[in-house]
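The next block holds one structure in the form of structure tokens; read it before the comments.
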Amino acid sequence: MNAPPPVTRRRVLQIIATASGLALAGGARGALTAPASVAHTWRGVALGARASITICHQDAGNARRLLRHCVAEVRRLEDVLSLYRRGSAITQLNRRGFIDHPPPDLVHVLSLARSYGEVTRGAFDPTVQPLWTLYASHFARPTARAGGPDERSIEKTRAMVDYRNMSVATRRIDFSRLGMAITLNGIAQGYITDRVSDLLRNEGFDDVLVDLGEIRGLGRRADGRPWTVGIKDPITPARTMDKLTIENQAVATSAGSTTHFDRDGRYHHLFDPGTGTSSRRYRAITVVAPNATTADALSTAFASMGVPDVKMVLTQYPSATARLTARSGEVTTLSL
């Protein structure tokens, strides 16, 4: 199965005032004789969306070197996990139905995906890609029925959706049913964000903001203040619904309106694996967690889960917070 047609992904999270280029006077966070810390930022595109990596450090040369290293790591992981690259490991798996000697990152991410599938009782399922293909193909036709694919087509496609019918091992990954395919768009951004964040932390960089589709902030900004993330209204992107400050935390938001198939936005990429249709429970779901992989996967899963089920899942992630914005605009915040 080929990669999906190109789709412009509208971002819901925005970084507010990264203080790029601002020096931190020595007295703000340490002795007056401490070297000034400056924000160094790379901006580009990763996994089909705008991306940035900011490092706050006094050594500009070392910061630029690490930024180049980070970008190389992002590109390497895109070659494994991206549906937007024809030759990536995931597109090979989808095309053949199996892959021998898969890259370790693919094995690891799919193993994580299965664990999130278990804890959410199937609400997180990376094998929903056939549903994407069904809806994309349906609405690409000039005579497409406004009500979406017919029930028979949905049921036939839904039979291919079940992460338990995927075998994941270091020597081979394969599907047990013909026509199965995966998407990692509900976890790959978070995973790559964590890999880059951990790379920088391991190099001794403690004040970092990584935005690769999901956002993770380590330490603080160059001016000593916490990182600030804005949540845009997915219906009216010019309006910021809320602002969050994060320190050694990650934020992910899922909203159906950011990627939809029809003109009215009723049919979008956040599928309920149990019904084969787009979930319409919430306007947006934001999760704050210690790492971006968890925030990414849970925000995707929660899109098709009711409040009681979200509460149940959060008992497994005591450091996570979920912010559920109903279609009416009412916000419910859940945490332990």
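In the stretch 152-173, the residues that are in contact (Cβ under 8 Å) with a residue 40 or more places away in the chain form no Cβ pair under 6 Å with any partner that is surrounded by fewer than 13 Cβ atoms within 10 Å (Cβ to Cβ) and of a type in the set (A, V, I, L, M, F, W, C), whether six or more places apart or across chains.
Residues in the stretch 91-100: is at least one under 24 Å from HIS268 (Cβ atoms) and either in contact (Cβ under 8 Å) with a residue 40 or more places away in the chain or part of a helix (DSSP H, G or I) (or both)? The answer is yes; a qualifying residue exists. Restricting attention to the stretch 102-138, the residues that are free of Cβ contacts under 8 Å to residues at least 40 places away in the same chain and under 15 Å from THR300 (Cα atoms) total 2.
Assess whether VAL229 counts as being assigned to a strand (DSSP E or B) and either modelled with pLDDT of 95 or more or of a type in the set (Phe, Trp, Tyr) (or both). No; evaluated as a whole, the condition is false for this residue.
Taking every residue in the stretch 36-54 that is part of a loop (DSSP other than H, G, I, E, B) and pairing it with any residue that is β-branched (Val, Ile, Thr), at least 6 positions away or on another chain, the pairs with Cβ-Cβ distances below 9 Å are LEU47/VAL74; LEU47/ILE192; GLY48/VAL7; GLY48/THR8.
The values are calculated or read from the model by the stated rules, or taken from the named source; none is laboratory data. The shown structure was predicted, so the numbers you read here are calculated from the model rather than taken from an experiment. Note that we place each Cβ from the backbone using ideal geometry, even for glycine, and neighbour counts take in every protein chain shown.
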